[in-house]
Amino acid sequence: MATLQETLEAKIPQWRSEIGALVKAHGDDVISQVTVKQAFGGMRGVKAMICDTSLVEPDKGLIIRGHPLLTIKDKWPEEIFFLLLTGELPDAAAKAALQADLDKRAEVPAYVWAVLEAMPKDSHPMVMLDTAILVMECESEFRRSYDAGVKKEDYWKPALEDALKIIATSATIAAGIYRMRYDKGPRIDWTPGLDQGANYAKMLGLPDPKGTFADLMRLYLNFHSDHEGGNVSANTCHTVGSALSDPYYAVSAGLNGLAGPLHGLANQECLGWIIETMEKFGGVPSEKQIREYAFETLRSGKVIPGYGHAVLRVTDPRFAGFNEFGRKHMADDPVFKTVDLVFNVVPKVLEEYSAERVAAGKNPIANCWPNVDAGSGALLHHYGLKEFAYYTVLFSVSRMLGMLAQLVWNRAMGTAITRPKSVQSSWVAQQVGFKG
Ligand code: HAX
């Protein structure tokens, strides 16, 4: 089978001609409409951008290029990137070629470490990761090629070069941040020949007597890799990239969005809530105690982290996949047990609370089921990764795969600069005949 680059060379002209023909034939047809509620409500459900890498079905969860996530959960992260970008899983030769390509690019420039070491000791690990990616911008092939006058139809090639450099170094940088930020000793180097999951597990340097941490990291990197184009990080990366800011700028911007507590940072909050519950009740709580604490949290105006989703309306299959891993490898771990008990109790609590909200004239909670972040922290905690503030960095290493695949695809398709029309609230009122 052809390499990643050869596969794209062959497919891109075909994709371009299909999309060109579609827009030519149906450019003025309507595919969505926008209500006042949507305009004020985060554009929820408005169909106004294209993402071919993956799809999130409200009742099924993440589907990557036609493959429901749980059917490809044991693939290497590199294979997932190949799939996101090309629509095909690589065969053994293409996979080996991609791995060798990433090995060649794996060196992190020395100035990245120098910048990270100069940062305040208590910097948030996400700030360190964002800074590291942004400071590497001087490696950008996209910017160099653009300055040298590369043709628009070839933009995707230097964008892919940047994407591969970021992917080849992201786990090393992230693991280096962990060891530096939490005084874990010297950095551990990338090992050529190992996949990204196994490498990341090894470079974090946590004890792994059963040798299963690499399996978890592979699962973790696969599960967080992509979630369509409209979520905050992907959408931000897309918007910044659409201005032809190079992939370092665009990914760094996307990561800043991922660092928000309603998005990626939720996974740092989820385990915090589980541990708080355990501390309050002196160990694994009973279902009655969980119910009590869940209501206390809600009535104090907070959300229950790890529950709810903007798109999904069922238990996130990523939660189900992590739960299966937990049952297999750490069924007796008290933190994992608590997560499992919370899963029995919280959906019902949220349903009841949602009914109370509706009775009080507020919005219902659209989805009372767990999302990806509800369970992953307990698994990391089991392996000794107990620094919650670091969890979003793990998510980021994974989500860069999706953000970069989308970005390369957009440069290949020549997607236009993002520029929706904003309107004033007075215009909306006038438009709908609102008198106040
Ligand atoms: N606990 C309490 N209230 C919740 C809730 C929860 N877990 N989930 C939703 N609600 C509330 C919302 O805050 C909203 O209240 P207001 O109308 O008063 O603002 C109301 O229910 C309706 O919200 P929704 O339509 O169900 O959900 P949204 O699309 O607005 O928000 C969120 C989706 C994920 C942000 C939301 O469910 C939430 O805050 N969940 C907890 C945080 C979390 O787990 N985030 C991670 C999501 C996965 C992810 O992106 N990871 O990166």
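Nothing in this text is a laboratory measurement; each read-out follows from the coordinates by a stated rule. Please read these numbers as outputs of a predicted model, since none were measured by experiment. Cβ atoms come from the backbone with ideal geometry, glycine included; neighbour counts cover every protein chain shown.
Scaled against the 2.2 N^0.38 Å expected of a compact globular protein of N residues, the Cα radius of gyration of region 295-436 reads 1.42. Based on the Kirkwood radius over alpha-carbon pairs, what is the Stokes-Einstein translational diffusion coefficient of region 151-198 at 10 °C with 1.306 mPa s viscosity, in µm²/s? This corresponds to a translational diffusion coefficient of 126 µm²/s.
Taking the Kirkwood radius as Rh and the Cα radius of gyration as Rg, region 102-182 has a ratio of Rg/Rh equal to 1.05. Basic side chains Lys and Arg get +1 at the Cβ, acidic Asp and Glu get -1 at the Cβ, and with that the dipole of region 144-298 about its Cα centre reaches some 340 debye.
Each Lys and Arg Cβ is given +1 and each Asp and Glu Cβ -1; about its Cα centre, the chain then shows a dipole of about 960 debye. Distance from the alpha carbon centroid of region 205-247 to that of region 262-282 works out to 21 angstrom. Put simply, the C-alpha atoms of region 259-366 give a gyration tensor, and the ellipsoid matching it has half-axes of 23, 17, 13 Å, longest first.
Tell me, what are the semi-axes, in whole angstrom and largest first, of the equivalent ellipsoid of region 204-305 as set by the roots of 5 times the Cα gyration tensor eigenvalues?
33, 22, 10
Among the GluC sites (Glu not before Pro) found in region 321-396, not one is both in a DSSP coil and sparsely packed, with 11 or fewer other Cβ atoms within 10 Å of its Cβ.
Just the number, please: Stokes-Einstein D of region 1-64 in µm²/s, Kirkwood Rh from C-alpha pairs, 37 °C, 0.692 mPa s. Translational diffusion coefficient: 219 µm²/s.
Classify region 62-145: rounded, prolate or oblate, from the alpha-carbon gyration tensor (a ≥ b ≥ c, eigenvalue square roots; a/c under 1.5 rounded; otherwise prolate if a/b is larger than b/c)? List each step's numbers first, then the result.
On the way: a/c = 2.54, a/b = 1.78, b/c = 1.43.
Prolate, since a/c reaches 1.5 and a/b exceeds b/c.
Projected onto their three principal axes, the Cα atoms of region 133-177 cover extents of 37, 16, 9 Å, largest first. Note on the chain: along the principal axes its Cα atoms extend 66, 64, 42 Å, ordered by decreasing extent. For region 1-91, the residue among Val36, His67, Ser54 whose Cα projects farthest onto the positive side of the dipole built from Cβ charges is Val36.
Each part gets one Cα centre, and for region 145-161 versus region 1-47 those centres are 21 Å apart. For region 240-346, averaging the sequence separation of C-alpha pairs within contact (under 8 Å, six or more residues apart) and dividing by the residue count gives a relative contact order of 29 percent. Loop-resident chymotrypsin sites (Phe, Trp or Tyr not before Pro) (DSSP state other than H, G, I, E or B) in region 351-436 with no more than 14 further Cβ atoms inside 10 Å of their Cβ: Phe434. Helical content of the chain, expressed as a calculated mean residue ellipticity at 222 nm, amounts to -19000 deg cm²/dmol (DSSP H runs of 4 or more residues, -39,500 (n - 2.57) each, divided by residue number, nearest 500). When the Gaussian network model of the chain links Cα atoms closer than 10 Å, the mean-square fluctuations of Leu134, Leu85, Leu379 top out at Leu134.
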